[in-house]
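So the structure is just underneath, and the comments pick up after that.
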Amino acid sequence: MRLERTALVGALASALLVVSGCASSDTGNGGNASDDAEGPMVIESFQALSGPVAPVGEAMSVGNKAAVAVINADGGVLGKPLELNITDSGGSADQLAAKLQELLAGGKPHAVLPGSASEIPAGIPILDNAGVFTSQHFTADTFNDPKEYPLVFGNAHTIPDYVASFVKKLQDDGYTSVGVLNSDDASGQAFQAVAKPALEEAGIKATFAAVSPSAVDATPQMQQVLADDPDALVLAGYFPGATAVIAARAKLGIDVPTIAAQTFSANNLDSIAEPEALEGIEFQQLAANVKGTPQTESEAFQKFYEAVKKEAGGTLPFPINTYLVAYDDVVLAAYAAELAGSFDPEKMTEALEKATPEDMPNYVMPVGFSPENHFPNVTAEDFVFVPYSPTENGLVVPANG
């Protein structure tokens, strides 16, 4: 990939086929990782193109394809066009595991992107055991352990990043007790494992309740967390059940101050509720989701944004982070091979651990990987809190924006 070695021009985003000139298939065996890197590089991506979260999977596939377009416009990977295969994982951890085993039976891929947040925890152990370079966007820092998962890199903020941000806000606003609704899935469990001790350490009493991704009524869980009369309500989770959570808040006429953690804010708010049902909620957003921030004005972000709009036909119905993490999943894997001059996963890893921002100008997250850290260096400045505002082509547009 003759990607330009220019100064860092962008930084940030968060928290998922092919483009013209690249081969495409729903399934397929990638090339074998090797030192000689004969190419072309083939990345295997798994997305939920069927099942209950298929719209999200389709949006993430747009992000994948936009990345291929940008990479190939800059010369491809090691002088040859990057190729991407996308396999339907159905949004199911079991399906992903089975299809990964099928893929690996045909040889070791150059790189794999293992599905959506609900699938990634099932895919990473399989890929790690097979020695495959893995680029993914699970927000728990479970997999940011280079000693345990040496070939795994993340492209999203982690749960500790956004938890630290909203706990600080709760403290600054003087709240001492909260009720917390989160998703009853792997992502939600990982969230609670981080949020509970963080709130306790901050001296904030918390009552948690989990809502099923398939829930149509979250009233019992809402009543549970409000039973102790908390100072504030916290909503968390990127999941279909978010619709039921907002409906329960409206149904019960809740006027308790409400903060939506970044994962909840990443839901397609415009489609899950009418604006009046979202009034009174402060939404924690990645600055890269909000129009007019330094992050969205960066050159790297603008290149991504134009590419993803083009790939989507001009309209982006989902929040921008949905497309961005999938875009960065591809970009990071491609840079790893380019900087290493090899498809060998260990050499790709070593190259990223030494990479500078100047080495990765099209990567829309902060570059700072090391042998101890395989995730972007997200800080408190990368989050903002805003009232509900409609999105315009994926970006939150503040009232004064």
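The values are calculated or read from the model by the stated rules, or taken from the named source; none is laboratory data. All values derive from a computational prediction rather than experimental measurement. Neighbour counts are summed over all protein chains in view; Cβ atoms, including those assigned to glycine, are modelled from backbone coordinates with ideal geometry. Accessible surface areas use protein heavy atoms only, side chains included; no ligands, DNA or RNA. Shrake-Rupley method; radii C 1.70, N 1.55, O 1.52, S 1.80 Å.
Scanning the stretch 343-366 for residues being of a type in the set (S, T, N, Q) and either open to solvent by 40 Å² or more (accessible area, probe 1.4 Å) or in a helix (DSSP H, G or I) (or both) gives a total of 2. Scanning the stretch 207-242 for residues that are open to solvent by 60 Å² or more (accessible area, probe 1.4 Å) and not aromatic (Phe, Trp, Tyr) yields Ser214, Val216, Asp217, Pro220, Gln223, Gln224, Ala227, Asp228, Asp229, Pro240. Within the stretch 245-260, being touching a strand residue (DSSP E or B) at 6+ places or on another chain (Cβ under 9 Å) and surrounded by fewer than 24 Cβ atoms within 10 Å (Cβ to Cβ) holds for Ile246, Ala248, Ile254, Val256, Pro257, Thr258, Ile259. List every residue pair whose Cβ atoms lie under 7 Å apart, where the two residues are 6 or more positions apart in sequence or sit on different chains, the first residue falls within the stretch 361-373 and is among the β-branched types (Val, Ile, Thr), and the second residue, located anywhere, is part of a loop (DSSP other than H, G, I, E, B). Correct list of pairs: Val364/Gly10; Val364/Leu12; Val364/Ala13; Val367/Ala355; Val367/Thr356; Val367/Met360. Applying the criterion of being in contact with a Gly (Cβ under 6 Å, 6 or more places away or on another chain) and among the polar types (S, T, N, Q) to the residues of the stretch 83-104, the residue that is least open to solvent (accessible area, probe 1.4 Å) is Ser89.
To keep it simple, each residue is scored yes or no on (1) under 25 Å from Pro52 (Cβ atoms); (2) at pLDDT below 95.
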{"residue": "Ala206", "(1), (2)": "no, no"}
{"residue": "Ala215", "(1), (2)": "yes, no"}
{"residue": "Gln221", "(1), (2)": "yes, no"}
{"residue": "Asp231", "(1), (2)": "no, no"}
{"residue": "Ala236", "(1), (2)": "yes, no"}
{"residue": "Phe239", "(1), (2)": "yes, yes"}
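Residues being of a type in the set (Phe, Trp, Tyr), part of a loop (DSSP other than H, G, I, E, B) and more than 30 Å from Lys354 (Cα to Cα) are entirely absent from the stretch 267-284. One residue is enough: does the stretch 288-301 have a residue meeting the conditions of a type in the set (D, E, K, R), under 26 Å from Ser118 (Cα atoms) and over 19 Å from the mean Cα position of the chain (by Cα)? No: zero hits. For Ala164, the test of being surrounded by fewer than 22 Cβ atoms within 10 Å (Cβ to Cβ), at pLDDT below 95, within 14 Å of the chain's Cα centre (by Cα) and not basic (Lys, Arg) is failed.
Given the residues Leu316, Leu278, which is the only one that is within 17 Å of the chain's Cα centre (by Cα) and of a type outside the set (S, T, N, Q)?
Leu316
Within the stretch 283-342, restricting attention to residues that are surrounded by fewer than 20 Cβ atoms within 10 Å (Cβ to Cβ) and of a type in the set (Asp, Glu), the residue that is nearest to Val68 (Cα to Cα) is Glu306. If I ask for residues that are over 16 Å from Thr176 (Cβ atoms), under 24 Å from the mean Cα position of the chain (by Cα) and of a type in the set (Gly, Ala, Ser), which ones from the stretch 193-244 would you list? The answer is Ala193, Ala209, Ala210, Ser212, Ser214, Ala215, Ala236, Gly237, Gly241, Ala242, Ala244.
When the test is whether a residue is under 20 Å from the mean Cα position of the chain (by Cα) and assigned to a helix (DSSP H, G or I), Ala117 does not pass it. Scanning the stretch 172-206 for residues that are under 22 Å from Gly241 (Cβ atoms), of a type in the set (Val, Ile, Thr) and open to solvent by 30 Å² or more (accessible area, probe 1.4 Å) yields a count of 1.
When the test is whether a residue is modelled with pLDDT of 95 or more, open to solvent by 60 Å² or more (accessible area, probe 1.4 Å) and not aliphatic (A, V, I, L, M), Lys80 passes it.
Taken over the stretch 386-401, the residue count meeting the criterion of being surrounded by 16 or more Cβ atoms within 10 Å (Cβ to Cβ) and at pLDDT 90 or above is 5.
Going through (1) at pLDDT 95 or above; (2) open to solvent by less than 10 Å² (accessible area, probe 1.4 Å) one by one, Ala140 falls short only on (1). Contact map, the stretch 70-94: residues that are within 20 Å of Asp328 (Cβ to Cβ) and in a strand (DSSP E or B) paired with residues that are open to solvent by 30 Å² or more (accessible area, probe 1.4 Å) and of a type in the set (S, T, N, Q), Cβ distance under 6 Å, separation 6+ or inter-chain. Pairs shown: Asn85/Ser25; Thr87/Thr27.
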